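Just below is one structure, and these are the notes that go with it.
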């Protein structure tokens, strides 16, 4: 039995019954990483692996490179944060440690500052999809999703601003949840777009997702946008019972642009939900077509403001220059990659004098309309079900020179962040070429329990989450 | 909307980013594509809609003003080679 292939729930049982020693898990993971990561490249700064003793962690978790870990390099896979070792832990890291979860010494690869849908925009080079090494793993949390999929991690954390947990989970055939905005503290998550960002679990199954959500959720005085309401025991939602759940399918999502195989697989998954006792019906989210343009104004505007702090003064890379202004401009010009520069400049433009009303203010108003669509829909149904992505994983390089086409990969995930609601992606089938497809389940704010209940019921009656890529 | 290289360079300067000439040329084309896609928002009637800048009904979040332990000067300066005493150093601003 290879320990690295098991879920956290299975391993915890074995640790409790003293069948295995916790230290042997990290050993198994290190062996797996040494064997396959030269092909997958889920992790960055691989030299960290040799520094770590075999028993340095108990049940370890892999963290995305934008989650601060005290004394352990964290650089958002950007040159501009080269060598940065945070002087403090993110709140999620402190919570994990308190629960006895160890931090794996390598961080996972990502699009620089989470700007991307393919993990190709990393300073360290791309991650490869474990199901087809020529394909992207999705992004921006592509390293976390690939690590879990390839059994290089038991479980992982990612961050999701417009789909960055769910889309890679879908591409890699694993489970990924974006919690309600405010459910999980963002303290120590290096900010991309503060009104959209959320940290969430990437796991091998829904049970581990519930377990991990239990650990990371809750109010944090250090994040004034975290919400002070009670955290339920999410494992209690794992009842394998979908009877009576009202499921909405938005007609605006099932239109042209969706891959035919994805369409068929999703239709079959919805049939399955009905067979399990859920009741599906068509609903309408009329402002769907505005979600991507609204997102790329709001997210880039917030990013341009958040990334102003990277100026070469306090940490990371600094370019040599004769005066201060030149130092700022050269540091940022050389320290940021192409996509980061594109987004900062787009966001700065949207906020600049003369354009604010036409772009930023109009986008904020359209955001209200998108949120209202969901409020209305959730008066009629308990959950909304959609594909996570219109296509399975695409080839590395295929969309690299067409940023607009890349932005459209997020068409089904972006509205969720704009509305602040929770959503999960779970595996629901494979294309003929053997690429995983993800089913997305959305619910109203702070109703992760309903999502987990339906996802778990579906998972219990399907084999998809047990499939492993051949590496 | 059309976006020329000059506008890109003007905005890049506001964002304190030095671009190479080939970068601003490429960006102008890409940003023009993105902006013309974004322009579909202009057909939406938003006159009577209130903007959403934040999804939660949270307004001012206040706490008691009680001092808590914070980072030491050494911790704050640990991530740079450019320091002197308890300060960060930068190129000279005033001659």
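The values are calculated or read from the model by the stated rules, or taken from the named source; none is laboratory data. Only a predicted model underlies this, so the values are computations on that prediction, with no experimental measurement involved. Ideal geometry is used to build each Cβ from the backbone, glycine not excepted, and the neighbour counts take in all protein chains shown.
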Selection from segment B:52-73 of residues that are more than 30 Å from residue A:229 (Cβ to Cβ) and more than 9 Å from every other protein chain (Cβ to nearest Cβ)
B:73
Going through segment B:22-56 in order, the residues found to be out of contact with any helix residue (DSSP H, G or I) (no Cβ under 8 Å at 6 or more places or on another chain) and free of Cβ contacts under 8 Å to residues at least 24 places away in the same chain are B:22, B:26, B:29, B:43, B:45, B:47, B:48, B:54, B:56
Quick check: anything in segment B:19-30 loosely packed, with under 15 Cβ neighbours inside 10 Å, at pLDDT below 95 and closer than 16 Å to residue A:405 by Cα?
yes
Of all residues in segment A:400-425 being part of a loop (DSSP other than H, G, I, E, B) and more than 19 Å from residue A:437 (Cα to Cα), the one that is nearest to the chain's Cα centre (by Cα):
A:422
Filtered residues of segment A:381-399 (kept if surrounded by 24 or more Cβ atoms within 10 Å (Cβ to Cβ), part of a loop (DSSP other than H, G, I, E, B) and in contact with a helix residue (DSSP H, G or I) (Cβ under 6 Å, 6 or more places away or on another chain)):
A:388, A:389, A:393
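Which one of these is facing chain A (nearest Cβ under 8 Å), within 29 Å of residue A:289 (Cβ to Cβ) and assigned to a loop (DSSP other than H, G, I, E, B): B:90, B:49?
The unique qualifying residue is B:49.
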If you check residue A:423 against the conditions, is it within 9 Å of another protein chain (Cβ to nearest Cβ) and either surrounded by fewer than 20 Cβ atoms within 10 Å (Cβ to Cβ) or modelled with pLDDT of 95 or more (or both)?
no
What are the residues in segment A:266-289 that are under 30 Å from residue A:342 (Cβ atoms) and within 22 Å of the chain's Cα centre (by Cα), if any?
A:288
Cβ pairs under 8 Å, 6+ apart or interchain, first in segment A:208-229 and at the interface with chain B (Cβ under 10 Å from one of its Cβ atoms), second modelled with pLDDT under 95, ordered by first then second residue, are A:221/B:63; A:224/B:58; A:224/B:61; A:225/B:54; A:225/B:56; A:225/B:58; A:227/B:56; A:227/B:58
Segment A:258-375: helices (runs of 4 or more DSSP H) wholly inside it with 2 or more residues that are more than 9 Å from chain B (Cβ to nearest Cβ) and under 30 Å from residue A:437 (Cβ atoms) are A:260-275, A:291-306, A:338-351
